[in-house]
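The next block holds one structure in the form of structure tokens; read it before the comments.
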Amino acid sequence: MSQMFLHSDQSIVRKLFALNWGLVFLIIAVTSIGLISLYSAAGGNFDPWASRQFTRFCLGCFVMIIVALIDIKWWYKLTWLIYFGGLGLLVFVELKGHVGMGAQRWIDLGFIKLQPSELMKIAVVMALARHFHGASLGQVKRITFLIIPAIIILAPVALVLLQPDLGTSLMILMAGAGIIFMAGAPIWLFVSGIVGTAICIPIAYQFLHEYQKKRVMTFLDPESDPLGAGYHITQSKIALGSGGVEGKGFLQGTQSRLNFLPEKQTDFIFTLWAEEWGLFGGLVLLGLFALIFGYCFWIAFRCKHNFGRYLALGLSLNFSLYVFINISMVMGLIPVVGAPLPLVSYGGTSMLAALAGFGLIMCCSIHRHSKVTR
Amino acid sequence: MAFREEEHAHNFSRRAFVIGFLQFLGLGILASRLAWLQVSQGHKYKTLSDKNRINMRMIAPLRGEILDRFGVPLAVNVQNYRALIVPEQTEDLKESLQKLREFIPVTEETIDRILKESKKTAKFIPLRVREDLTWEEVAKIEVHLPDLPGLMIDVGETRNYPYVESTAHIIGYVRSVSQEELTGDPLLTLPGFKIGKTGIEKVYDLEMRGRAGAMEEEVNVHGRAVRELSKKPMQSGTRVALSIDGELQRFVQEALSEHKSASAVVLDAHSGAVYAMASHPSFDPNMFVSGIPKDVWQAMNNDPTLPQTNKALAGQYPPGSTFKMITALAGLEAGTINRNTSVKCLGVYKLGRDKFHCWKRYGHGRMDIISAIQQSCDTYFYEMAVETGIDRIAEMAERFGLGKTLGFEIEEEKPGLIPDQAWKRKRFGNKWQPGETVVASIGQGYILTTPLQLAVMTARLVNGGYAVKPWITGYVGDQFKGAEQWPKIKVSDAHLAMVKKGMGAVVNTPKGTAYASQIIDENLGAMAGKTGTAQVRRITAEQRRLGVKNEELPWEQRHHALFVGYAPVDDPRYVCSVVVEHGVGGSSAAAPLAKKILEQVQIRDPAATDIYSFDKDKTTQDESVKRDMIGPFLPSREIGG
């Protein structure tokens, strides 16, 4: 393990100085918003959510820094191990796993419920970054070169879809597609992909689970069933809208406090925040996310090697997809897919995965001058 | 190679910028959506949010009480102890209910109903097990409360009528609101809310209802109240004070109960205030409040003596000889008779080929206006009435309040009937016959009057000729609804004096028809009046020949017994009318009753006391607030949109 650090180009202390403390600050800011909201969700109590979330965050920060300090060459070497390990875990949960929320999604390790799909999101980005690391533009333009990336993406997508977790599988697919796009794959591929998807949607709809179909239907017309499946969306919109510009005030969110808001501590935490802090609070959080995206973009551009660029941008894209999907869901822009808001929602795996992702991004920044060989 | 790397990097930057642009575009979309929801839609969602969390609960108002003229309550609200059970506080609802049966009686149906209700409502809403618990039952439950999880005792308000059947016809009763009676007033939809169905309860229902209070509660998603946001206390309904004397009313009711079916009215001769108005048989109005058993209801509806009808208002009877004062006045005013006109009664009066009998078989001999009233000689009136004519008699009857409703507060009032030539033509299409005038002169034939009208007629005869109308409402809140001043009737005082003299002689001279009912007590004013015996069916020649005694006939064929009277005779204050259905004779059945009543009313002397006015006590407000605290439990209910 020490080898990982010692064989790097820089000392650990210098690396620590090189750590992106600005990004760390942004992450702490966003997490704080999450902790404030969880404190409010519990009716002004640290228990049961805020305190545990804080512990996880501290643990996650530790993991993040470790991940950032490890030499990027090691991550490059470990890529396939991580990828296939994650794939193996996905197969494992498919075969034997706990039944939670009607879908088999996690492995109970005792102290944490590990969701292999969360791990897979990072692993797919790493695998693609590694694959495109040494590739020339000419190679990428060849359609045959894209067969391996396609397999890298579709294998976990298929497994996650089987769980069944449509939201996560779509996110893996989109993040993967984003990296292939950035790597320089022909534009027509994406155009035809989008057109193809548009054609496939009605067909795919037939294969959706009943609850997924219902989610789509209630998304299209939430008021049709305000007490049934559309209840979540309607109540979330009421909470957001009633917050107004100034918000109802800390601990004063009636929708969440009186339990009209479903799953307020997890998927609908943004709603709780914006109900209590209003448009002002909502924009502050969105602004923080924007700064995080920008910071990651800056890191990617300063990176001298392709592996780091793809990794940083891919993970940032992954993170932003989470943010979009969660917030557009609670605002009623897309169907309820059951995705948490990273760093803010209560949940160990998503917190750990997000922080590990940021650790890798920072790793790209610290080791931006490293010579990553093929 | 370096060039290609360069090109690759350039290409990467371009593509990466597209992704970056999309990321910020996404955040922009989210920000504008948030602004749209919170700014332009904010008001709409704010309303929806409040609708979510705020539940309006109505607090039922306390119904205004009804008091008698002395302030004695005739209709009150009593606390009603109810057993309730909260399903969430008990592990096994059915078992808890079974356990409760060890202490108080609970029917199987009740248990079934509760189990059914518990499936439909939220678990924290208390369900009604039993109402009207006795003190003993309350005590039993309280003692065993630790063994009865989920059970609670709650106090509600129910209407109660302490005078029970004595005031049933006047006060009426309240009953649950039926579907047809819903007016959209949310108050009416409150569970257990009752409205006035008959009597004064109906007349002043709106005033006595009061105004519902409202409690705004914050509720959570399950509808459980989390905290109280605001409370507007209910306003008790207006109190009503009647002119009735409750104890006199009870006395009259009990006096009437010696007969199968009877009614009586006691009026103030000068103001028209009703002191008592009774109709026997009566019923227990409290039964209607709590729900009347079916068999009792059916028995009441099939009873020929009509217990539910206020016969003092709605019973229409031929007035018989009590009508003779009107006939006399019509003759005196028309000039067909005067003080000195005399007629010889031989027991029969012949008009053409028709024979009309006097009640006294062999006649009264020579009669003048005073003695004709005193001895109730029919022949005297037969003869003078034919000369006077029916229209004049009818017109006089109307001046004295007969033949039309008097605008009494309680709507049950019936108009009676005073026939004249025009009426006959209209009703039957043929001419009035002189024989019909003969029959009408002694209050028979078509003429119908109510006991109330007879009392009013008597009042107008003895009060100096003022057209009093009867009234029963003293105060509604602090508003006086009674009347003291009445217009004068166009009639000569001298003629009225003659009639009064005759009425005095009826009771106070040995030959008078009601001499047996003379008030002997020297402390009380003497009574005057007039007896009446009204035929229900024509006495056949056969019966007359055989001398069949009326009391031997079946009850429904016997004569009605009537009496109108007043006291004291010199300075009339109290007027009384009594009708005993099929009581055989006015002097034998009705006059003794009138004597008892006029004695009692003079002893109690209600006229000496003003009607209880609410200005005297201002405790009403505090009391209503206090009551509000323990007000009836009502399941939460949203009102309005």
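FYI, it's all coordinate maths here, none of it is from the lab. Please read all numbers here as calculations on a predicted model, not as lab measurements. Cβ placement follows ideal geometry from the backbone for every residue including glycine, while neighbour counts extend to all protein chains displayed.
Kindly put A:ASP165, B:ASP391, B:ASP68 in sequence by how many other C-beta atoms sit within 10 Å of each C-beta, fewest to most.
Values: A:ASP165 22, B:ASP391 16, B:ASP68 25.
Sorted ascending by nearby Cβ count, the order is B:ASP391, A:ASP165, B:ASP68.
Evaluate E = 1/(1 + (r/R0)^6) for B:LYS488 and B:GLU228, where r is the Cβ-Cβ distance and R0 equals 60 Å; express this FRET efficiency to the nearest 0.05. Intermediate values should be presented prior to the final figure.
On the way: r = 62 Å, r/R0 = 1.03.
The pair B:LYS488/B:GLU228 has a calculated efficiency of 0.45.
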Restricting segment B:332-405 to trypsin sites (Lys or Arg not before Pro) in coil, as DSSP defines it, with at most 11 other Cβ within 10 Å: B:ARG353, B:ARG361
Between the helical axis of A:231-243 and the dominant principal axis of chain A, each derived from Cα atoms, what acute angle in degrees is found, rounded to the nearest 10? 90
Once you place label points 7 Å from the Cα toward the Cβ at B:VAL221 and A:LYS213, how far apart are they in nm? 2.6
The ³J(HN,Hα) series, computed from each phi in segment B:215-224 with the Karplus coefficients 6.51, -1.76 and 1.60 at θ = phi - 60°, rounded to the nearest Hz and given as x for glycine or proline, is 10, 9, 10, 8, 10, 8, 4, 8, x, 7
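Count charges around B:GLN453 for me, please; just the other residues with Cβ under 13 Å from its Cβ, Lys/Arg as +1, Asp/Glu as -1.
On the way: positive: B:LYS311, B:ARG399, B:LYS404, B:LYS414, B:ARG460, B:LYS469; negative: B:GLU398, B:GLU413.
Net charge in that neighbourhood comes out at +4.
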Could you tell me how many cubic angstrom of Cα convex hull volume the protein assembly as shown has per residue? 239
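Could you work out the relative contact order of chain B, using alpha carbon pairs under 8 angstrom and six or more residues apart, expressed as a whole percent?
On the way: 1334 pairs, mean separation 101.3, N = 641.
Computed over chain B, the figure is 16 percent.
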Farthest towards the positive end of the dipole of the protein assembly as shown, among A:THR144, A:VAL63, B:VAL456 and with Cβ unit charges of +1 on Lys and Arg and -1 on Asp and Glu, lies the Cα of A:THR144
Between B:ASP185 and B:ASN523, the two model label points (7 Å from Cα along the beta-carbon direction) sit apart by a distance in nm of 4.8
Which value in nm describes the separation of the simple spin-label points at A:ASN259 and B:GLU136, placed 7 Å from the Cα toward the beta carbon? 4.4
Cβ charges +1 (Lys, Arg) and -1 (Asp, Glu), total dipole of segment B:246-608, debye: 1560
Could you list which residues have their amide H under 5 Å from that of B:LEU417, counting only those 5 or more apart in sequence or on another chain, with H placed in the peptide plane? B:GLY403, B:LEU448, B:THR449
Compute the helix-to-body angle for A:166-183: its Cα long axis versus the longest principal axis of chain A, expressed 0 to 90° and rounded to tens. 40
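Using 0.36 nm per residue, how much length does the chain from B:SER176 to B:THR305 gain when fully extended, once their Cα-Cα distance is taken away? Walk me through the intermediate numbers first.
Values: separation 129, 0.36 × 129 = 46.44 nm, distance 2.65 nm.
Net length gain for the segment: 43.8 nm.
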The helix A:269-302 Cα axis meets the longest alpha-carbon principal axis of chain A at an angle in degrees, between 0 and 90 and rounded to 10, of 10
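Once R0 is set to 22 Å, what does the formula 1/(1 + (r/R0)^6) return for the Cβ-Cβ distance between B:THR509 and B:ASP570, expressed as a FRET efficiency to the nearest 0.05?
Details: r = 15 Å, r/R0 = 0.70.
Once the sixth-power term is evaluated, E becomes 0.90.
Rounded, prolate or oblate: which fits chain A, taking a ≥ b ≥ c as square roots of the Cα gyration tensor eigenvalues, rounded meaning a/c under 1.5, else prolate when a/b beats b/c? Show your work: numbers first, answer last.
On the way: a/c = 1.77, a/b = 1.27, b/c = 1.39.
Judged from the Cα gyration tensor, chain A comes out oblate (a/c at least 1.5, b/c at or above a/b).
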Please give the contour-minus-distance gain from B:SER613 to B:GLU387: 0.36 nm per residue of separation, less the Cα-Cα distance, rounded to one decimal in nm. 76.2 nm
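Given Cα pairs under 8 Å that are at least 6 residues apart, what percent is the relative contact order of segment A:74-340? Provide the component values of the computation, followed by the final result.
Numbers: 328 pairs, mean separation 52.1, N = 267.
It comes to 20 percent, rounded to a whole number.
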To the nearest 500 deg cm²/dmol, what mean residue ellipticity at 222 nm is calculated for chain B from DSSP H runs of n ≥ 4 alone, each contributing -39,500 (n - 2.57), summed and divided by the residues? -10500 deg cm²/dmol
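Work out how much length B:LYS360 to B:LYS501 would gain on full extension: take 0.36 nm times their residue separation and subtract the Cα-Cα distance, in nm to one decimal.
Values: separation 141, 0.36 × 141 = 50.76 nm, distance 2.19 nm.
Between B:LYS360 and B:LYS501, full extension yields 48.6 nm more.
Using only C-alpha positions, report the orientation-averaged shadow area of the convex hull of chain B, nm², one decimal. Walk me through the numbers on the way to the answer.
Values: hull surface 186.8 nm².
For chain B, averaging the hull's shadow over all directions gives 46.7 nm².
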Within segment B:503-575, list the trypsin sites (Lys or Arg not before Pro) lying in a DSSP loop whose Cβ has at most 16 other Cβ atoms in a 10 Å radius. B:LYS511, B:ARG537, B:ARG538, B:LYS549
Taking 30 Å as the cut-off for C-alpha to C-alpha distance, list the pairs among B:LYS324/B:LYS426; B:LYS344/B:LYS404; B:LYS501/B:LYS595; B:LYS99/B:LYS123 that go past it. B:LYS344/B:LYS404
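Does segment B:149-217 come out rounded, prolate or oblate, given a ≥ b ≥ c as the square roots of the eigenvalues of its C-alpha gyration tensor, rounded meaning a/c under 1.5 and, failing that, prolate meaning a/b above b/c? Let's see the in-between values first.
On the way: a/c = 2.18, a/b = 1.32, b/c = 1.66.
Since a/c reaches 1.5 but b/c is at least a/b, the shape of segment B:149-217 is classed as oblate.
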Taking a ≥ b ≥ c as the square roots of the Cα gyration tensor eigenvalues, with a/c under 1.5 meaning rounded and otherwise prolate when a/b beats b/c, else oblate, which class fits segment B:115-159? oblate
Relative contact order, percent, of segment B:246-608 when contacts are C-alpha pairs under 8 Å separated by at least 6 residues? 21
